[in-house]
Amino acid sequence: MNDIKELSPGTSPYEVVVHLSDKIIRGELMTFKALREYCAALPDSPRTEAIFKRAFELQKRLYWGFFRETSPLSHPKVWSKVVVPDRKYRFAGDLKRMAMIPDVYMSIIDIHGYTRFCQKYRHNMSMLNLLDRVMQQNIPAIAGKYGVVSRRASGDEILLLGGSAAELFEVVYLIARALAKEGTGERGEADAAVTSSGLPGFQISAGVAGGAKYSQLVITRDGDLSGTIVNTAARLQARANRIAPDRTKILLTSVTFQKLKALPPSSRLEFLRAVDFFDTGMVEFKGVNVPVFDTVFLAHEAGRLEYRDRMVALYESIDQGLWSSRIFSDSLNLMARIATSSTGGFFDKATGLPIAAADPVSVMQRIRKAQASFVAERYEQAIAEFSELVDAFGRARDRDAIAVEYLSNVRDNYRRIMEDLTKKLDEEIDAHLEHIFINANDRANYRTLEKHYAMYANVRDAARLKVVDRRTLWNRIIDERADSLSVNIQSKK
């Protein structure tokens, strides 16, 4: 048969399928709409429907890319959002290619230690096959239970797409638990298949995005995905990986978080009992600011919730630009809550040894010292103490990387403020030397010591403390630098 018009009563269904398959493979019938139009001469019958099913499955395999495994039965929510269904044959339809599709949710997952595992077992094909089976079969099975589309993108990267924020996040959570070989209370067979596979436990980093009109999906002509939702999920995953390169970290957009929090209490999803969420503020991704939430695993991270409110207070004071005092106080309050919610002292993540003067009692004493210096307008000592505390938090293992990131940004801003304050104070000293050093001999000594910098620096510091109305200078500098003071948390991807 060279053309469907040659169809006759004696033509077998096999001949029709072969003919249509040839045209599909040659790219002449890439859409179901084109197939229906070409086959208009076929009579309505169960046999014709069977022919269309075979032809449509081939079209999906060749031209649907990421969605080649989808169907209205296996992925009903995704299907309803990404497919224009055929009015007659409900099993078929065409992808909304090059169209903006809102209200879908995507996650990108990266598996820590995948490359290291493959290198270690490069001569052990049975272990490599076990890992490949988990990636190719077990993980898609977990996703399929919730109508989520899963695809292995490259090596250890997994792409997930769902029509429901809750179902997509549940899949991400279950995959994380399964790969880490942590049992879940109501684990299904697919989950058990992963945990009993004989593989070691793996940690993951994941980004979850979607659900907003401005966060849209585009399906390319070859069935791949692009658009804001893909970029955001990828950047969240990259940030999660940077924050926690050796443990599981799942970041999600604020819109996705709001969808999850709106779930009714009766929802039977495992993540609702096992995780909570932590506002991490605005993160800049290549010039675009995205409000991001972190996932808190209650089994071993519940302590983070004790300072969640302090983090929010710091975000608010930063947003309002309250650098003259409140940001400093909020930062100290955050450090105090982190220190008191942690067991034991601070241990250096590089050496494993205790960090000097960084046990909870010492940290609280240093925080009070910094606050007292600030209140007494001894900004130099306050910022110096604050900077040392932030450095200790940054060196310590098991500290909240997101909190340390904000504290480090705050410290850097205060250091810049101190540079300006020092210049202003020195100008005041030179302009009002006779009021600062009333005794003529003191003024003479000051000028003499000015020539000897090492000794002069000590006297200069003492003189700065005697400048009248230091608070006014402090506030003036902050007002002058208002446009340049910001805490800009950036993702490099």
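Every read-out reported here was derived from the displayed coordinates using simple, explicitly stated rules and does not represent laboratory data. Only a predicted model underlies this, so the values are computations on that prediction, with no experimental measurement involved. Note that we place each Cβ from the backbone using ideal geometry, even for glycine, and neighbour counts take in every protein chain shown.
Here are the numbers for the structure shown:
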quantity: The stretch 1-78 and the stretch 257-311: distance between their alpha carbon centers, rounded to Å; calculated: 46
quantity: Estimated FRET transfer efficiency when R0 is 60 angstrom, pair Ala99-Ser408 (beta carbons, to 0.05); calculated: 0.90
quantity: Over 28 Å (Cα to Cα) - which of Lys213/Lys249; Lys23/Lys88; Lys96/Lys145; Lys53/Lys213; Lys60/Lys286 fall in this group; calculated: Lys53/Lys213; Lys60/Lys286
quantity: Cα centroid of the stretch 424-493 to Cα centroid of the stretch 351-395, whole Å; calculated: 22
quantity: Additional length obtainable on full extension of the chain from Leu298 to Thr448, 0.36 nm per residue less Cα span; calculated: 47.7 nm
quantity: Computed over the chain: relative contact order in percent, which uses C-alpha pairs under 8 Å that are six or more apart; calculated: 11
quantity: Estimated 222 nm signal from helices in the chain, with DSSP H stretches of n ≥ 4 weighted -39500 (n - 2.57), rounded to 500; calculated: -15500 deg cm²/dmol
quantity: Neighbour-limited loop hits for GluC sites (Glu not before Pro), the stretch 324-429 (at most 11 other Cβ within 10 Å; DSSP other than H, G, I, E, B); calculated: none
quantity: Tilt relative to the chain, helix 13-25 - C-alpha long axis, 0 to 90 degrees, to 10; calculated: 40
quantity: Extreme residue, positive dipole direction of the chain, given options Gly162, Trp79, Ala92 (C-beta unit charges); calculated: Ala92
quantity: Neighbour-count order for Phe285, Phe257, fewest beta carbons within 10 angstrom listed first; calculated: Phe285, Phe257
quantity: Ranked packing of 95-102, 321-328, most packed first, by mean Cβ within 10 Å; calculated: 321-328, 95-102
quantity: Simple spin-label estimate for Asp479 and Leu73 in nanometres, 7 Å along Cα-Cβ; calculated: 7.3
quantity: Percent RCO, i.e. relative contact order, over the stretch 199-272, from Cα pairs under 8 Å lying at least 6 residues apart; calculated: 38
quantity: Residues Leu269, Leu298, Leu252, sorted so that the one with the fewest Cβ neighbours within 10 Å comes first; calculated: Leu298, Leu269, Leu252
quantity: Two-site label geometry, Ala40 and Lys88: point separation in nm, points 7 Å out along Cα→Cβ; calculated: 1.1
quantity: Using a Förster distance of 45 Å, the FRET efficiency for Arg122-Arg471 (Cβ separation, nearest 0.05); calculated: 0.10
quantity: Total charge dipole magnitude, the chain, about the Cα centre, Cβ charges on Lys, Arg, Asp, Glu only, Debye to nearest 20; calculated: 900
quantity: Exposure proxy order (Cβ contacts within 10 Å, fewest to most) of Ile4, Ile25, Ile204; calculated: Ile25, Ile4, Ile204
quantity: Those lysines that a straight Cα-Cα span of less than 29 Å connects to Lys369, excepting residues fewer than 8 apart in one chain; calculated: Lys349, Lys423, Lys424, Lys466
quantity: Local electrostatic count at Leu58 - Lys and Arg +1, Asp and Glu -1, tallied over other residues with Cβ under 11 Å; calculated: +4
quantity: FRET E, pair Lys213, Glu284, Förster distance 25 Å, beta-carbon r, rounded to 0.05; calculated: 0.75
quantity: Neighbourhood charge, 14 Å Cβ-Cβ cut-off, centred on Lys81 and excluding it, Lys, Arg +1 and Asp, Glu -1; calculated: +1
